[in-house]
Amino acid sequence: MKKLLFRLAILAFLLGAAWGGYRFFRQRGSQRSAEIVTTPVRKGDIVIRAFSRGELRAVRSVTLTAPNLFTTVQVTRLAPAGSLAREGDLIVEFDDSERRASLEETLLEVAQIDEQIRKAQADIAIRDNQDQVDLLRSRYGVRKADLEVRRNELLSAIDAKKNLLTLEEQKRRLKQLESDIKSRQEQAQAELAVYREQRNKSMIDVARERQRIAQTRVLSPMTGLVAIKQNRSGFFNFGQQQPDIREGDTLQPGMAVADVLDLSELEVLAKVGELDRANLREGQEVLLQLDAIPGKKFHGRIKSMSGTATSNVFMGDPAKKFDVIFSLDMRELLTSLNVNKEDIERILATARANAKKAPLAPAMPMMFAGGGMPGGGGMPSGGGMPGGGGMPGGGGMPGGGAPGGGMAGGGMPGGMPMGGAPSGAGGPGGMGRGFGGGGGGAFGGGGGGGFGGMSEQDREKFRQLMQKELAGKNPMDLSPEDRQKIFARIREQMGSSGRPGAAPGGAPAGVRAPGGAGGAGA
C-alpha cells in the first residue's frame, strides 16, 4: 500500500513539474514575441551619405613676389597684415635707389650720344657746304676750259692741244671731286647710323631700367585681404618660429612676399575615401557645417573632384583619398553673420568682378573661426602657408567681420629629394617602392609607387617608427640632413623589409595641415 502511494506521489510530482514547465515556456515565448518590433515594407531609394572634414579657403588669391632685379632687394614699404586692399593699392615697395642711379647713368649716355649725333650732323652740314663750293669751282674750271677749246680755231696747234689737255684735266678733277664727296657723305651717314644705333641701345636700357623701377612697386591686382608671408631667407635654429616679412628685410628675387585673398567667395577643400568617391558627382548638392558657426548648416555644391587618389602617411592616414572641392552659398553665409543686405550685394558684386579677371593662383587654405582673422591657426606644412602669426581681425567683410583663422599649409604632392638627385621624385604617391633591404641600399624608386614592396605589417611598423622619430615635428621644417638621418635610422630599424632600391627615391609627399572647416555631406 505504501509503495502504491509513493508511486502515485512521484507521478503527481512529475505531472505538476511538466505542467509548470509548459506554462513557463509558453509565457516566455509570448513575451519574446511581444518584444519583436515590426514595420511594414516600403519601396523607395536608399540615401547614401558621405561625411568629410576639410579646409575653408578663398576661391581666388594671388601671390606677390619680389622682383627680379638681378640682386637682392630691400623692403621699404609694406601693407599691414590683415588689411583690406583695393585693386591698385600699394602692397609692397622695394628700394629702387640702385636702379634709379643706373637709369641716370643710362640717360647720361643717351645725352652724350645725342650730342655726338648733333656734332656729326653739324660736321656733315659744314662739309656739304664746302663740297658745294668745291663743286662750283671745279665746274667753273671745266666751263672755262671748254670755252678755251672753242677758240682753238683761232690759235696755234700747240695752244689748241694745251686747251684740250686742260679741259680733260678739269673734267677728271670734277669727276674725282664728285666721287670723293659721295664717299665722304656715305662715311658720314655710316658714322651717324652708328651713333643712332648706340642711342637706340641706350634707350632700350632706359626702358628696361624704368620697367625695373616700376617693378619695385607691387600693386594689388584685385580687392582682397593682405596676408604677409614668412621670411624664409635667413638661417634659423630647429623649432624657431620664422618671423613675418617686415620693412627693412632683404629678400631674394622671386621670393613670395604676400598673398591677396578674395574673401568674397569661399570654398571647401576636403578629402573623401575611394568608396564615397563612387557615389559623388559634380554639381551634387551638399550640406556644410563650419566650426565657427556651430548648429548651422549651409548649402553648397560639388565643384570638382580629382581623378587620382593620394595618401598622407605622416599624418597617420595611409588610406588613399580623393580631393573634392565644394562651393559655398555666400549669400546664406553672410546672412547668418548678420551682414546687412547692402554689404552682401557689394561683396557679391566684388566676387563677380574678380571672377572676370585673369585666372589667379590657387587659394591659400585657412581655418574658419568667428570674427576677423585671429592668429595661431594651422601648423606649417608641405608647400602651403605656415600657421602661426595670424592676422588681426577687423579687416574682413563688413558687418560682423570676415570669418577667418590662422593659415594652414597646403601640402605639396611629390615630396623632396633626400640628398643627391631624386630618382623620380614627384607625383602623388609619397615614398618609393619600398625601403632598400640589406645590401639593396638607400630607398626604392621614386614617387607614384606607394609602398608596393612592403607588407601591411611593414607599413604599420614604418608609420610607427616615423611618428616616433618625428615626435610631432613637421618633416617639411627639417633640413635635408635631418631628414636623411631620420630615414637612415628608420631603414636600420626596418631591417630588410621591402624591396631593395637602386637609387634614392623621392621623400614622402608633403604633409597637409588639418584645416578648421566642418564636415561636408552629400
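The values are calculated or read from the model by the stated rules, or taken from the named source; none is laboratory data. Only a predicted model underlies this, so the values are computations on that prediction, with no experimental measurement involved. Every residue, glycine among them, receives a Cβ derived from its backbone with ideal geometry; neighbour counts consider all protein chains shown.
Criterion first (touching a strand residue (DSSP E or B) at 6+ places or on another chain (Cβ under 9 Å), surrounded by fewer than 15 Cβ atoms within 10 Å (Cβ to Cβ), farther than 30 Å from residue 142 by Cα and charged (D, E, K, R)) does residue 247 satisfy it?
Yes, satisfied.
Residue-wise test of (1) at pLDDT below 80; (2) closer than 30 Å to residue 274 by Cβ; (3) among the β-branched types (Val, Ile, Thr).
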{"position": "40", "(1), (2), (3)": "no, no, no"}
{"position": "48", "(1), (2), (3)": "no, yes, yes"}
{"position": "52", "(1), (2), (3)": "no, yes, no"}
{"position": "57", "(1), (2), (3)": "no, yes, no"}
{"position": "71", "(1), (2), (3)": "no, no, yes"}
{"position": "74", "(1), (2), (3)": "no, no, no"}
{"position": "96", "(1), (2), (3)": "no, no, no"}
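Just one of 105, 178 is closer than 24 Å to residue 211 by Cβ and of a type outside the set (A, V, I, L, M); which is it?
Being closer than 24 Å to residue 211 by Cβ and of a type outside the set (A, V, I, L, M) holds for just one of 105, 178, which is 105.
State whether the residues of the range 17-36 include one that is assigned to a loop (DSSP other than H, G, I, E, B) and either touching a residue at least 24 places away in the same chain (Cβ under 8 Å) or farther than 30 Å from residue 302 by Cα (or both).
The answer is yes; a qualifying residue exists.
What are the pairs, 6+ residues apart or on separate chains, where a residue within the range 171-188 that is in the same structural domain as residue 124 (by TED's automatic domain parsing) and over 16 Å from residue 132 (Cβ atoms) has its Cβ under 7 Å from a residue that is at pLDDT below 85 and surrounded by 15 or more Cβ atoms within 10 Å (Cβ to Cβ)?
Pairs found: 171/142.
One residue is enough: does the range 301-310 have a residue meeting the conditions more than 22 Å from residue 224 (Cβ to Cβ), out of contact with any Asp or Glu (no Cβ under 7 Å at 6 or more places or on another chain), polar (S, T, N, Q) and modelled with pLDDT of 80 or more?
Yes, that holds for at least one residue.
Between 147, 90, 108, 155, which is among the aliphatic types (A, V, I, L, M), at pLDDT below 85 and either loosely packed, with under 14 Cβ neighbours inside 10 Å or touching a Phe, Trp or Tyr at 6+ places or on another chain (Cβ under 9 Å) (or both)?
Result of the check over 147, 90, 108, 155: 147.
Out of the strands (runs of 3 or more DSSP E) lying entirely within the range 185-298, which hold 2 or more residues that are over 30 Å from residue 333 (Cβ atoms)?
217-219
Determine whether residue 118 is closer than 24 Å to residue 220 by Cα and among the basic types (Lys, Arg).
no
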